[in-house]
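Engineer: First the structure, then my questions, so here it is.
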Amino acid sequence: MNLFRTKSIEHSLADADEPGHGLKRSLTTWDLMIMGIAVAVGAGIFSVGAEAAAHHAGPAVSISFILAAVTCALAIMCYAEFATAMPVTGSAYVFTYATVGELLAWIIGWNLILELLMAASVIAKYWGVYLSNFFEAVNIDIPSNFALGPVTVFWGPLVVVAVFTFVLVMGTKLAARINNVFTLIKIGIVLFVIVVGFFYVKAENYTPFVPPSQPAPATETSWQLQPFLSMLTGAEPSVYGFAGIISGAALVFFAFIGFDVVATSAEEVKNPAKTLPRGIFAGLAVVTVLYILVTLAVTGMVSYEDLAKVDSPSLSTAFQLVGADWAVVVISLGSLIGLTTVIMVLLMGLARVMMAMSRDGLLPRGLSRTSDRHATPARTQILSGILVAILAGFTPVELLSEMINIGTLSAFVMVSIGILVLRRKRPDLKPAFRVPLGPVIPVLSALLCIYLMLNLATLTWVFFAVWLAVGLVFYFSYGHWNSRLRREEAAGIKQQ
């Protein structure tokens with residue numbers, strides 16, 4: 001039983017050209033840049049920075065964002081080298097299959113499904129919440145849910161997931177055009193909020209920039225909520241100080257999860273050798289600047305201590321505390337538009353990962369079939385939409401939001417390591433983009449991602465272990481036996 005068989009790059013490229021299982025190249029550098037911005041700049045830009053400032057890092061949350069952005073940038077360099085060497089759909093899954101073998105590729109693919117499924121479901125759920133908040137802000141009374149017998153149904157997520165599943169089935173280029181319009185609108189709203197926010201900034205709110213470390217509140221000392229590293233080492237949980245900056249970085253890393261999704265579109269990009277690196281890095285640069293500006297505005301408007309007194313601090317909280325209640329309407333609209341494009345890109349990424357795995361037989365082969373008219377994986381896209389709609393519309397999926405981060409970080413670790421393996425196995429490859437400084441950046445990327453993973457809550461690791469166990473059961477009961485690579489190897493042995 002060869003669990004670490006690898007699939008050659010040439011084999012993956014050939015599969016991408018198989019009639020009825022390939023995608024159309026239609027995306028430009030601009031489309032990729034906007035896609036990265038679209039998936040990273042959602043409602044989180046109005047909330048995650050304020051929450052991290054209030055409960056983790058204080059004004060130094062801007063450093064948390066820089067650390068998270070640097071970690072993401074290091075990993076994205078590795079993605080860019082892989083994607084230019086093998087521009088096929090599937091992102092970290094296909095990269096891992098080409099370097100360290102089928103079993104680990106399955107685990108990474110399974111983790112990507114976890115990341116994208118959870119992210120799309122959680123954000124669709126929050127989209128419904130922000131829709132209700134916007135209705136309240138403009139004095140329209142429409143409930144966010146209704147009872148269907150014993151089941152509570154949240155109608156907002158069902159609507160938005162259904163609409164964008166349809167759009168994605170109709171074509172990637174159409175989806176990109178809609179995404180571009182929505183994203184430019186939300187960038188305009190974010191810039192407006194930042195500019196207005198800076199009029200309320202007071203320099204004294206930035207002092208102390210790094211608040212002194214203090215013990216974590218009693219509610220955060222239970223083993224479930226402790227950072228996994230603290231639980232392993234027996235260190236007392238703390239907030240603020242250096243530990244707060246690091247835990248803040250682990251929290252705000254959620255803001256950068258979208259860039260691995262962009263890499264899944266490699267097979268749909270025109271001239272991927274140039275387009276992929278340019279689009280990914282331009283998007284990351286814009287997102288990092290926007291997040292830092294928002295956090296500087298929110299921590300300058302009000303003291304982090306005042307934010308900490310609020311149950312769910314956000315940018316709206318800061319405006320309310322300075323008496324600018326009118327801004328809540330603008331922020332609610334920005335959040336709503338922001339989440340709209342995030343959902344669409346995540347749905348697209350989820351379908352592409354499942355498509356790549358089904359091409360290899362690790363998931364049912366029929367899921368990789370593309371439509372003749374639009375060249376999109378319609379079956380997989382519809383299945384993805386159904387799964388996301390069920391989770392978002394009928395379950396408290398938001399309780400599992402940290403699972404998104406651990407799924408992303410595990411993929412980042414494997415891609416970073418995979419670059420070193422690829423260079424050793426295939427020195428003949430000359431990708432258009434190559435990570436500089438030899439092995440330094442891939443190794444540093446892997447170590448930083450592992451460190452951030454260890455700073456996630458212990459309960460997140462428990463759920464992650466359960467997810468992996470379920471995935472391994474599925475692999476050994478279905479994926480391994482239906483693997484096209486295993487069957488090709490077996491057929492070759494028989495012929496010999």
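The values are calculated or read from the model by the stated rules, or taken from the named source; none is laboratory data. Nothing here was measured: the structure is a model prediction, and the numbers come from that model. Glycine also receives a Cβ, built like all others from the backbone with ideal geometry; neighbour counts cover every protein chain displayed.
Engineer: Can you tell which of PRO377, PRO313 is of a type outside the set (Val, Ile, Thr) and at pLDDT 85 or above?
Structural biologist: PRO377
Engineer: For VAL435, all conditions in the list (1) buried (at least 19 other Cβ atoms within 10 Å of the Cβ); (2) not in a loop (DSSP other than H, G, I, E, B) hold save one; what is the number of the exception?
Structural biologist: Going through (1) buried (at least 19 other Cβ atoms within 10 Å of the Cβ); (2) not in a loop (DSSP other than H, G, I, E, B) one by one, VAL435 breaks only (2).
Engineer: Just to be sure, is SER384 at pLDDT 80 or above, touching a helix residue (DSSP H, G or I) at 6+ places or on another chain (Cβ under 7 Å) and within 18 Å of TYR79 (Cβ to Cβ)?
Structural biologist: No, not satisfied.
Engineer: Still on this structure, please answer the following. What's the total number of residues in the stretch 133-144 that are touching a residue at least 12 places away in the same chain (Cβ under 8 Å), polar (S, T, N, Q) and either part of a helix (DSSP H, G or I) or exposed (fewer than 14 other Cβ atoms within 10 Å of the Cβ) (or both)?
Structural biologist: 1
Engineer: Sticking with this one: Restricting to the stretch 48-65, give me the number of residues that are more than 12 Å from ALA243 (Cβ to Cβ) and either polar (S, T, N, Q) or free of Cβ contacts under 8 Å to residues at least 12 places away in the same chain (or both).
Structural biologist: Qualifying residue count for the region: 1.
Engineer: Could you say which residue among VAL342, VAL328 is farther than 30 Å from ARG484 by Cβ, crowded, with 24+ Cβ neighbours inside 10 Å and among the hydrophobic types (A, V, I, L, M, F, W, C)?
Structural biologist: So the residue among VAL342, VAL328 that is farther than 30 Å from ARG484 by Cβ, crowded, with 24+ Cβ neighbours inside 10 Å and among the hydrophobic types (A, V, I, L, M, F, W, C) is VAL342.
Engineer: Still on this structure, please answer the following. Please find, within the stretch 161-217, the residue that is nearest to MET33 (Cα to Cα) out of those that are among the aromatic types (Phe, Trp, Tyr) and touching a residue at least 24 places away in the same chain (Cβ under 8 Å).
Structural biologist: PHE182
Engineer: Any chance you could count how many residues in the stretch 267-278 are part of a helix (DSSP H, G or I) and either surrounded by fewer than 23 Cβ atoms within 10 Å (Cβ to Cβ) or out of contact with any strand residue (DSSP E or B) (no Cβ under 8 Å at 6 or more places or on another chain) (or both)?
Structural biologist: Count: 6.
Okay, residues lined up against (1) closer than 24 Å to ILE194 by Cα; (2) aliphatic (A, V, I, L, M); (3) surrounded by fewer than 22 Cβ atoms within 10 Å (Cβ to Cβ):
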{"residue": "ALA16", "(1), (2), (3)": "no, yes, yes"}
{"residue": "ARG25", "(1), (2), (3)": "no, no, yes"}
{"residue": "ALA38", "(1), (2), (3)": "yes, yes, no"}
{"residue": "GLY49", "(1), (2), (3)": "yes, no, no"}
{"residue": "LEU67", "(1), (2), (3)": "yes, yes, yes"}
{"residue": "TYR97", "(1), (2), (3)": "no, no, no"}
{"residue": "LEU104", "(1), (2), (3)": "no, yes, yes"}
{"residue": "GLY109", "(1), (2), (3)": "no, no, no"}
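Engineer: A further question follows. Does ALA105 satisfy the condition of being of a type in the set (Gly, Ala, Ser), at pLDDT below 85 and either assigned to a helix (DSSP H, G or I) or on the phi < 0 side of the Ramachandran plot (or both)?
Structural biologist: It is false that ALA105 is of a type in the set (Gly, Ala, Ser), at pLDDT below 85 and either assigned to a helix (DSSP H, G or I) or on the phi < 0 side of the Ramachandran plot (or both).
Engineer: Could we say that GLU204 is at pLDDT 85 or above and either β-branched (Val, Ile, Thr) or part of a helix (DSSP H, G or I) (or both) here?
Structural biologist: Yes: the conditions hold for GLU204.
Engineer: Then there is this: Confirm whether ILE417 is in contact (Cβ under 8 Å) with a residue 12 or more places away in the chain and crowded, with 18+ Cβ neighbours inside 10 Å.
Structural biologist: yes
Engineer: Would you mind telling me which numbered condition in (1) among the aliphatic types (A, V, I, L, M); (2) buried (at least 21 other Cβ atoms within 10 Å of the Cβ); (3) closer than 20 Å to GLY156 by Cα LEU383 fails?
Structural biologist: That leaves (2) as the condition not met.
Engineer: Mind listing just one residue for me: the one in the stretch 315-341 that is among the polar types (S, T, N, Q) and in contact with a Gly (Cβ under 9 Å, 6 or more places away or on another chain) and, of those, farthest from PHE164 (Cα to Cα)?
Structural biologist: Among them, the one singled out is SER335.
Engineer: Same structure again: So, in the stretch 438-453, how many residues would count as being buried (at least 18 other Cβ atoms within 10 Å of the Cβ) and of a type in the set (A, V, I, L, M)?
Structural biologist: Here the count works out to 5.
Engineer: Hey, another quick one. May I ask you to verify whether LEU27 is out of contact with any strand residue (DSSP E or B) (no Cβ under 7 Å at 6 or more places or on another chain) and in contact (Cβ under 8 Å) with a residue 24 or more places away in the chain?
Structural biologist: No.
Engineer: Which residue is farthest from LEU32 (Cα to Cα), if the candidates are limited to the stretch 302-357 and must be of a type in the set (S, T, N, Q) and part of a helix (DSSP H, G or I)?
Structural biologist: By that ranking, first place goes to GLN320.
Engineer: Among the residues of the stretch 125-153, count how many are of a type in the set (A, V, I, L, M, F, W, C) and within 14 Å of ILE331 (Cβ to Cβ).
Structural biologist: The qualifying residues number 5.
Engineer: Quick check: is even one residue across the stretch 475-495 crowded, with 18+ Cβ neighbours inside 10 Å, modelled with pLDDT of 85 or more, under 30 Å from ALA52 (Cα atoms) and hydrophobic (A, V, I, L, M, F, W, C)?
Structural biologist: Scanning the stretch 475-495 turns up no residue that is crowded, with 18+ Cβ neighbours inside 10 Å, modelled with pLDDT of 85 or more, under 30 Å from ALA52 (Cα atoms) and hydrophobic (A, V, I, L, M, F, W, C).
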